[in-house]
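Q: Input: one structure, supplied below.
Bear in mind that the values in this text are calculations on the coordinates, not laboratory data. Values in this document were obtained by computation on a predicted structure and should not be read as measured data. Positions of Cβ are generated from backbone atoms using ideal geometry, with glycine treated the same way; all protein chains shown enter the neighbour counts.
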Amino acid sequence: MGTLVDARNIRGVYYTGGKDVVAVDDVSVKIEEGEVLGLAGESGSGKTTLGSIISLIARPPLHVEQGSLEIDGKVQELGGDAKVPRTWRGAVVSMLPQGAMNSISPTKRIRHLVYDVMRSHDRKVSKDEALDRARERITTLGLPARVLDAYPHQLSGGMKQRTVTIISTLLNPRLLVADEPTSALDVSSQKILIEMLLEMLEKKIMSGVIFITHDLPVLRTVATNIAVMYEGRVVERGPTERMVDDPQHPYTQALMSSVLAPEPKYRKIRIEGMSSFDRSLFDAPAVIHR
Amino acid sequence: MVLAKYIGRKLAWTLVVLVVALMLNFLLPRLIPGNPVDAIVGQIAAGGGTGGEQLEQIHEHFMQEFGLDKPLWQQFLIYIGNLLHGDFGTSFGQYPASVSHLIGQALPWSIAIQLPAIIVGWVVGNMLGALAAFKGGWVDRGAFVGSLFFSSVPPFALAIILLFVVAVQMGILPVGGAYSFGMTPELSVTFFGDAVTYFWLPFWSLVLVFIGGQAVGMRSMAVYELGSDYVNYNRGLGVRDAMTVRYIFRNAMLPQFTGLGLSIAALITGGLIIELVFSYPGLGTLLFNAIGQNDYPVIQAITLLITLAVLIANFTVDVLTGFIDPRIRAAQSGER
Amino acid sequence: MSLRGLPPRFWVSAALVGFIVLAAVIGPFIVQTDPNATVGGLYDRPRCCGAMLLGTDNEGQSVLANLVYGTRTSLIVGLLAGAIATVIGLLVGLVGGYRGGWIDDVLTAITNVGLAIPAIVVIILVSVSLPKRNIYTLALVIGLTAWFWVARAVRAQSSSVRTREHIDVARLSGAGFWSILARDVLPYLLSYVVMAFVLQVSGAILFESTLSMLGLGPGNATSLGTMLYWAIAWGSVRTGAWWAFVPPTLMLTLIVFALLLLQSSLNEVFNPRLRRGRAARKKAVTPGAPSEAPLVVGEPEPVGAVGMLETPTSTGREQR
């Protein structure tokens with residue numbers, strides 16, 4: 001399968017008035033057709049910032065200083081004053097937000113949002129048509145059609161996150177950027193959501209996923225490849241199995257060894273930990289396996 | 001059903017407050033040391049022009065009306081009973097005019113100023129506040145400081161300045177009153193056209209101040225909403241800004257709506273004081289005159305009307321909020 | 001919070017408040033004229049200098065002298081009433097919110113009834129019944145009818161502080177009820193209380209002038225409201241004697257404007273979420289961190305917004 005998304009040389013900086021903070025420092029990411037790329041790293045590593053740049057929602061004080069995004073041969077500049085067409089958002093690249101709790105306006109029914117999303121991209125779509133399409137999608141993925149008539153507060157946490165996932169992919173985006181979609185859920189809801197994401201990928205509703213999380217066990221079940229970020233850079237990248245079993249970069253090693261999993265081999269590994277701001281780590285060469 | 005329960009609860013609450021308000025209204029003027037009727041009749045006597053026999057009659061009349069020879073709880077029941085018949089008693093100051101009659105003459109003028117002012121001020125103020133929040137930059141700064149200024153001008157202060165500049169200096173609009181000398185209130189185009197020229201200044205004094213207050217509130221609500229998750233998500237889904245603005249407006253509007261209920265008392269008071277400035281023949285002027293004459297029955301009736309207006313406004317706001325905000329309905333029943 | 005971090009609005013409002021206080025405190029010494037002394041005729045025009053700078057009022061008294069004394073009166077009533085309302089509200093709110101239970105229920109019920117009945121109604125009824133009105137009775141009446149707001153706001157805050165862990169620690173260490181309230185709960189509310197006090201002062205000054213306009217002002221002193229009362233009663237607006245009504249009008253507006261501006265800038269200082277771009281700026285310090293509510297002392301939120309945004313997480317049955 002070919003390359004789906006090629007994000008090149010992305011540099012994202014927060015202009016804070018006094019000191020500029022470089023959150024993403026010249027990062028390039030490639031995602032293959034059908035791939036789930038797991039983006040791991042501690043808080044402050046720049047993974048959420050990278051996710052928001054790729055999902056085209058960077059807003060001041062975050063400024064994209066350079067970078068481009070190539071999808072299906074179309075190249076979109078991201079840096080400087082480049083204008084991203086509104087219709088790319090949602091239809092080409094879509095986002096699945098961190099914690100769906102407040103992602104839907106509390107005074108709107110789900111169907112209002114659904115209709116507004118659809119007609120923002122297709123002026124001619126009628127209300128019935130839009131809702132029919134959404135209803136079909138919802139029932140295909142095993143949710144009751146009545147969620148359309150619900151207000152967000154009437155849905156449970158897991159239900160809401162699944163509903164939001166469906167809304168995010170209504171327009172069949174090529175790439176879905178999911179930022180900590182599971183972190184607010186209980187374990188069984190996490191499992192259901194991940195199964196749904198994989199099913200959607202199989203059905204070609206979207207063609208690739210960037211899955212951002214600090215939850216490594218989740219990443220192990222969902223990701224094809226894992227990229228580890230540290231201090232705004234990707235320090236190591238490779239297939240999930242290898243990244244978990246045989247991490248090369250010292251930071252990845254520390255990150256992976258911090259996982260507690262009920263598997264025999266982990267009992268033998270001692271948690272070593274690391275000083276969190278060890279600059280020498282940063283100088284270690286990035287290990288990128290393809 | 002859920003909504004009906006919610007409204008029922010609000011109605012019960014309003015009635016409880018009403019009873020407390022009635023008790024205060026009844027009790028507070030009775031705290032005057034000594035027998036109020038003696039004091040009043042003394043005043044009328046001091047004013048001269050009333051003979052001894054007539055004074056005796058007046059004294060008799062009020063003693064009976066208030067039932068001052070009876071125990072307090074009976075007096076209260078008499079008071080409530082009279083109110084239920086729409087009987088506010090007899091005016092001290094303009095004896096033997098009934099209070100209901102005086103109120104009936106004044107009330108329409110006050111309503112004519114206040115109701116349109118409140119509606120126009122609320123709508124325009126919220127639109128202005130939302131605009132300031134969305135546009136940002138100098139529009140925001142200008143609108144915000146301007147609104148803050150207008151909202152902090154006491155309504156009567158603005159009224160005084162408007163009266164002086166527009167009516168006295170420029171002579172564009174009449175200086176005071178509600179209609180020209182020689183006219184009589186009637187439902188005709190001529191009268192209406194005449195009355196409107198007297199209406200503008202008190203109306204604008206109240207509206208401008210209210211617009212300011214609403215705009216300040218709406219702006220901070222909308223700025224708050226702008227940073228919320230759903231705005232970010234809508235953006236990420238490529239929803240048109242014009243549509244997202246409507247989401248924001250709806251959410252920011254709810255607290256503004258509740259705020260309307262809370263600020264209504266200040267608005268009504270402001271409107272009454274404005275009447276004084278323009279000698280507008282509404283409740284405010286009536287109250288002013290009644291205070292000057294220690295006309296307790298009239299004062300009591302007006303304070304009761306203010307209370308009623310505030311309670312009704314709040315109840316209406318509560319009911320409408322119940323219709324607008326889906327969470328209220330759910331919260332009441334625990335339906336999830 | 002460093003001084004440089006304060007918004008410019010704060011400095012503007014602080015300067016205005018400073019000017020007003022100076023006018024009220026030092027003004028009478030500079031003008032050196034008895035506000036009740038007749039120094040001219042009915043509505044003498046302003047002329048240079050001294051007491052006649054703003055002309056005379058309907059009784060031939062110096063408007064300037066009345067203005068500075070009136071400002072002083074209005075400030076005294078405002079500060080006194082504001083302090084009374086804030087202290088009562090704070091006590092009721094703290095005790096109710098922290099204690100909970102039936103005490104809280106009773107206090108909340110009283111507060112809600114008090115909020116529902118317009119304060120002006122009670123103030124008018126009491127003022128009419130008072131045999132003698134001076135600035136202290138006026139301040140007392142206004143203060144006693146205005147504390148409900150503070151109580152409600154403080155109660156909401158203190159009941160949320162109550163469940164925090166450091167309160168448990170204090171309780172386990174044997175601290176008494178009042179000691180916990182003063183040392184462990186109150187500090188979280190201080191910013192809120194300061195803002196409430198500022199609002200109460202401006203509200204009380206407005207109430208005073210409203211009452212004075214209605215003829216219920218203090219009998220023994222000149223206030224900005226009584227100046228307006230006489231100016232209107234004696235037709236100064238209609239006759240064009242602007243010097244009689246413009247100064248008190250402007251001074252009142254200035255006082256209320258300065259206090260509201262002060263409150264709104266304090267609100268921004270204490271509640272960074274209201275500052276544009278500030279939430280994002282916080283993010284910049286820890287890029288990529290999951291956005292959490294900023295932990296501000298007292299965590300004051302605009303009333304209503306909290307309820308708006310914090311939709312309760314549903315725990316009930318899932319729709320499947």
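Q: Only residues of the stretch C:58-84 count here: report those whose backbone N is under 18 Å from the spot 7 Å along Cα→Cβ of C:ASN36, or say none.
A: Under 18 Å, as judged by backbone N against the label point of C:ASN36, lie C:58-74 of the stretch C:58-84.
Q: What net charge do the residues around A:SER168 carry, taking every other residue with its C-beta under 12 Å from that of A:SER168, with Lys and Arg at +1 and Asp and Glu at -1?
A: +2
Q: Right, next: Specify, per residue and in Å³, the volume enclosed by the convex hull of the alpha carbon atoms belonging to the protein assembly as shown.
A: Hull volume normalised by residue count: 218 Å³.
Q: Antiparallel versus total DSSP beta bridges in the protein assembly as shown: what percent is that, nearest 5?
A: 60
Q: For A:VAL125 and B:ARG141, what is the calculated FRET efficiency with R₀ set at 56 Å and r taken between the beta-carbons, to the nearest 0.05?
A: 0.90
Q: Also: Considering just Cα atoms, how many Å³ per residue does the convex hull of the stretch A:72-204 enclose?
A: It is 126 Å³ per residue.
Q: Taking K and R as +1 and D and E as -1, what net charge do the other residues with C-beta under 10 Å from the C-beta of A:THR107 add up to?
A: Surrounding charge for A:THR107 is +3.
Q: For the pair B:HIS61/B:ARG250, report the inter-label distance in nm, with labels modelled 7 Å from Cα in the Cβ direction.
A: If labels sit at B:HIS61 and B:ARG250, their model points lie 5.9 nm apart.
Q: For A:ARG242 and A:ASP215, FRET efficiency with R0 = 30 Å and r from the beta-carbon atoms, rounded to 0.05?
A: Once rounded, the FRET efficiency stands at 0.95.
Q: Related question: Note down the nm distance, to one decimal, between modelled labels 7 Å out along Cα→Cβ at B:GLN105 and at A:ASP20.
A: 7.6
Q: Exposure proxy check: B:MET23, C:MET251 ranked by fewest other beta carbons within 10 Å?
A: So the ranking, lowest neighbour count to highest, is B:MET23, C:MET251.
Q: Per-residue Cβ counts within 10 Å, from other chains only, averaged over B:238-246: what number is that?
A: Average neighbour count from other chains, rounded to a whole number: 6.
Q: Enumerate the amide H contacts of B:THR90 below 5 Å, restricted to partners 5 or more residues apart or on another chain; note that Pro and chain-start residues carry no placed amide H.
A: B:VAL99
Q: Normalized C-alpha radius of gyration of the stretch A:171-232, against 2.2 N^0.38 Å?
A: The stretch A:171-232 yields a ratio of 1.12.
Q: Between the stretch C:20-35 and the stretch A:166-204, how many Å separate their Cα centres?
A: Here the two parts' Cα centres lie 71 Å apart.
Q: Could I ask something else about it? Quick one, could you list the DSSP H helices from chain B stretching 15 Å or more along their long axis (Cα atoms) with average Kyte-Doolittle hydropathy of -1.0 or above?
A: The qualifying helices are B:2-27, B:36-47, B:72-84, B:99-135, B:137-152, B:189-226, B:241-278, B:296-324.
Q: Any aspartates and glutamates with Cα under 20 Å of the B:LYS10 Cα? List them, leaving off those in the same chain fewer than 8 positions away.
A: Within reach: B:ASP318, B:ASP325, B:GLU335, C:ASP105.
Q: Here is a follow-up. Among A:GLU35, A:GLU199, A:GLU231, which one shows the biggest mean-square fluctuation in a GNM of chain A, springs joining Cα atoms closer than 10 Å?
A: Result for chain A, Cα springs under 10 Å: A:GLU199 fluctuates most.
Q: May I ask you to evaluate 6.51 cos²θ - 1.76 cosθ + 1.60, the Karplus curve with θ = phi - 60°, for each residue of the stretch C:32-49 and list the ³J(HN,Hα) values in order in whole Hz, giving x for glycine and proline?
A: Karplus values, whole Hz, x for Gly and Pro: 6, 10, 5, x, 9, 7, 7, 10, x, x, 6, 6, 5, 5, x, 8, 6, 9.
Q: Which of the pairs A:LYS108/B:LYS135; A:LYS127/A:LYS191; A:LYS83/B:LYS135; A:LYS47/A:LYS191; A:LYS47/A:LYS204 have their Cα atoms more than 31 Å apart in this structure?
A: The answer is A:LYS127/A:LYS191.
Q: Can you give me the convex hull volume of the Cα atoms of chain B, divided per residue and expressed in Å³?
A: Each residue corresponds to 194 Å³ of Cα convex hull volume.
Q: Calculate the dipole size of the protein assembly as shown relative to its Cα centre from +1 charges on Lys and Arg beta carbons and -1 charges on Asp and Glu beta carbons; express the result in debye to the nearest 20.
A: The dipole magnitude comes to about 1840 debye.
Q: Contour minus end-to-end for B:LEU27 and B:LEU187, with contour as 0.36 nm per residue of separation and end-to-end as the Cα-Cα distance? Intermediate results must be reported in sequence, preceding the final value.
A: Values: separation 160, 0.36 × 160 = 57.60 nm, distance 4.06 nm.
The B:LEU27-B:LEU187 span can extend by a further 53.5 nm.
Q: A further question follows. Which value in nm describes the separation of the simple spin-label points at A:SER257 and B:LEU115, placed 7 Å from the Cα toward the beta carbon?
A: 7.9
Q: Rg (Å, one decimal) plus Dmax (Å, integer) for the alpha carbons of the stretch B:153-239?
A: 21.3, 67
Q: For chain B, set up a Gaussian network in which alpha carbons nearer than 10 Å are linked by springs, and say which option among B:VAL20, B:VAL189, B:VAL319 fluctuates the most.
A: In this elastic network of chain B, the residue with the biggest mean-square fluctuation among B:VAL20, B:VAL189, B:VAL319 is B:VAL189.
Q: What average count of beta carbons from other chains do you get within 10 Å of the Cβ of residues in C:237-250?
A: Counting Cβ atoms of other protein chains within 10 Å of each residue's Cβ and averaging gives 4.
Q: Sort B:266-272, C:195-201 by the packing proxy (mean of other Cβ within 10 Å over each peptide's residues), most packed first.
A: Ranking the peptides B:266-272, C:195-201 by packing returns B:266-272, C:195-201.
Q: If one computes P(r) from the Cα atoms of the stretch A:50-142, what percent of pairs lie at distances over 19 Å?
A: 54
Q: Okay, next question. Given C:LEU144, A:VAL228, B:GLN57, which one lies farthest toward the positive end of the charge dipole of the protein assembly as shown, if we put +1 on the Cβ of every Lys and Arg and -1 on the Cβ of every Asp and Glu?
A: Result: A:VAL228.
Q: May I ask which residue of A:ILE205, A:VAL218, A:MET243 lies farthest towards the positive end of the charge dipole of the stretch A:156-245, with charges of +1 (Lys, Arg) and -1 (Asp, Glu) on Cβ and the Cα centre as origin?
A: Of the candidates, A:ILE205 comes out farthest on the positive side.
Q: Right, next: How many percent of Cα pairs in the stretch A:1-94 exceed 22 Å? If you can, show how the numbers build up before the last one.
A: Numbers: 1102 of 4371 pairs.
Result: 25 percent of Cα pairs exceed 22 Å.
Q: Another question about this same structure. What percent do you get for the relative contact order of the stretch B:157-309 when only Cα pairs under 8 Å and 6+ apart count?
A: That works out to 24 percent.
Q: Next question. List the residues, sorted by chain then number, that are 5 or more residues from A:GLU70 or on another chain and whose placed amide H is less than 5 Å from its amide H.
A: Amide H neighbours of A:GLU70: A:ASP6, A:ALA7, A:ARG8, A:GLN76.
Q: Now a separate question. Where does chain B land at 222 nm, in deg cm²/dmol rounded to the nearest 500, when only DSSP H runs of n ≥ 4 count, each adding -39500 (n - 2.57), divided by all residues?
A: -26500 deg cm²/dmol
Q: Another question, then. Between C:PHE19 and B:VAL196, what FRET efficiency follows from the Cβ-Cβ distance if R0 is 56 Å, with the result rounded to 0.05? Write down the numbers at each step before the final one.
A: On the way: r = 41 Å, r/R0 = 0.73.
According to the calculation, E is roughly 0.85.
Q: Computed over the Cα atoms of the stretch C:185-262, what is the ratio Rg over Rh, Rh following Kirkwood?
A: A ratio of 1.14.
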